[in-house]
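Notes follow once the structure below has been shown.
The values are calculated or read from the model by the stated rules, or taken from the named source; none is laboratory data. Just so you know, these numbers come straight off a predicted model, no measurement behind them. Positions of Cβ are generated from backbone atoms using ideal geometry, with glycine treated the same way; all protein chains shown enter the neighbour counts.
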Ligand SMILES: Cc1ncc(C[n+]2csc(CCOP(=O)(O)OP(=O)(O)O)c2C)c(N)n1
Ligand SMILES: [Mg+2]
């Protein structure tokens, strides 16, 4: 970045420094470019099986990671690459896992939906809709039991929000005052089903009312709004007041997965969101209009990000497939004393 980033206009930004805003821009762009590359590798047959891209939703995870502290935990569904990158997992390891290679986070045996990092407190990657919700409460229970002040971000979709296990979890989380933030990423669709076709009331953030869990709706295309809501939720949970619900209204630009005929919405609807509400473009404009970055600065960030993403694709291609012996490892958990 040029020296202009701390210019006199810096106070024109709402509650954020130019440095932080630039960091959010960079983090969102990394996810977008990484996902575009994953889409390309999928098209080339280098990634097999399921692959659910996060393009469009980047502000959700970047805003919430900005509200998290070291040791906080996160768990999510199958639409998980963005969450991994945002919490600092290595793009090389993620891309190698997508391509089923030895250098991947699960040694190439898990694929897109099954990656974990104990170091970064990332607990998956879950293919069964809603299954991560009780697991997230369990992670929060462990922290409460051990007396730490860590919180767990438990992400799930608008479709998953209609599942029974979510409400059993809400009950337990409220009863035991667990430090868990339930993040509903409302991208308006569950596979090909629009929310209005599946959901009796549109306000998912009120779904905790019967259990006494506070909740709020957040504009998920605005990373600063997400960060502010995240700060509030984290403060609530960390101070021992129990769970909190954030319904973050977002949008996915690509299909549900790579094999989605996309007949349930119009091209115009997607195009309109891209043109009018894009989360990266929004930050880009704030940086440029406030004089916190030049076109050149942003171009050089884009170049850096592309280099990181290309390097991850090279790493993935060069990494060998797992050996046959790996078929017999990581099946049972090691006994712990
Ligand atoms: C228990 C279960 N039922 C059905 C499926 C098939 N399925 C996969 S994703 C999905 C839609 C979930 O939508 P949502 O929770 O809104 O998340 P999004 O894909 O939009 O991120 C369904 C029905 C599944 N994986 N698990
Ligand atoms: Mg959805």
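For the stretch 187-200, a residue qualifies if it is within 15 Å of ligand 1 (Cβ to nearest atom) and either under 22 Å from residue 242 (Cβ atoms) or surrounded by fewer than 17 Cβ atoms within 10 Å (Cβ to Cβ) (or both), and the qualifying residues are 191, 192, 193, 194, 196, 197, 198.
Which one is farthest from ligand 2 (Cβ to nearest atom), of the residues in the stretch 142-164 that are in a helix (DSSP H, G or I), over 20 Å from residue 73 (Cβ atoms) and in contact (Cβ under 8 Å) with a residue 24 or more places away in the chain? For the stretch 142-164, the residue satisfying everything is 162. Number of residues in the stretch 282-303 that are touching a residue at least 24 places away in the same chain (Cβ under 8 Å), surrounded by fewer than 13 Cβ atoms within 10 Å (Cβ to Cβ) and within 26 Å of the chain's Cα centre (by Cα) equals 0.
Scanning the stretch 201-229 for residues that are within 16 Å of ligand 2 (Cβ to nearest atom) and buried (at least 17 other Cβ atoms within 10 Å of the Cβ) returns 204, 205, 207, 217, 218, 220, 221. Where helices (runs of 4 or more DSSP H) sit wholly within the stretch 255-337, those with at least 2 residues that are touching a helix residue (DSSP H, G or I) at 6+ places or on another chain (Cβ under 8 Å) occupy 279-289, 295-318. Among the residues of this structure, residue 234 counts as one that is closer than 16 Å to residue 152 by Cα, modelled with pLDDT of 95 or more, surrounded by 17 or more Cβ atoms within 10 Å (Cβ to Cβ) and more than 15 Å from ligand 2 (Cβ to nearest atom). The single condition from (1) surrounded by fewer than 16 Cβ atoms within 10 Å (Cβ to Cβ); (2) farther than 24 Å from residue 222 by Cβ; (3) under 19 Å from the mean Cα position of the chain (by Cα) that residue 274 fails is (2). For residue 104, indicate whether it is modelled with pLDDT of 95 or more, in a loop (DSSP other than H, G, I, E, B), away from ligand 1 (no atom under 16 Å from the Cβ) and surrounded by 23 or more Cβ atoms within 10 Å (Cβ to Cβ). Taking the combined requirement at face value, the residue satisfies it. Here residue 171 passes the criteria (1) within 16 Å of ligand 1 (Cβ to nearest atom); (2) part of a helix (DSSP H, G or I) except the one numbered (1). Looking for something more than 16 Å from ligand 2 (Cβ to nearest atom) and either part of a loop (DSSP other than H, G, I, E, B) or in contact (Cβ under 8 Å) with a residue 40 or more places away in the chain (or both) - is there at least one such residue anywhere in the stretch 181-192? Taking every residue of the stretch 181-192 in turn, at least one turns out to be more than 16 Å from ligand 2 (Cβ to nearest atom) and either part of a loop (DSSP other than H, G, I, E, B) or in contact (Cβ under 8 Å) with a residue 40 or more places away in the chain (or both).
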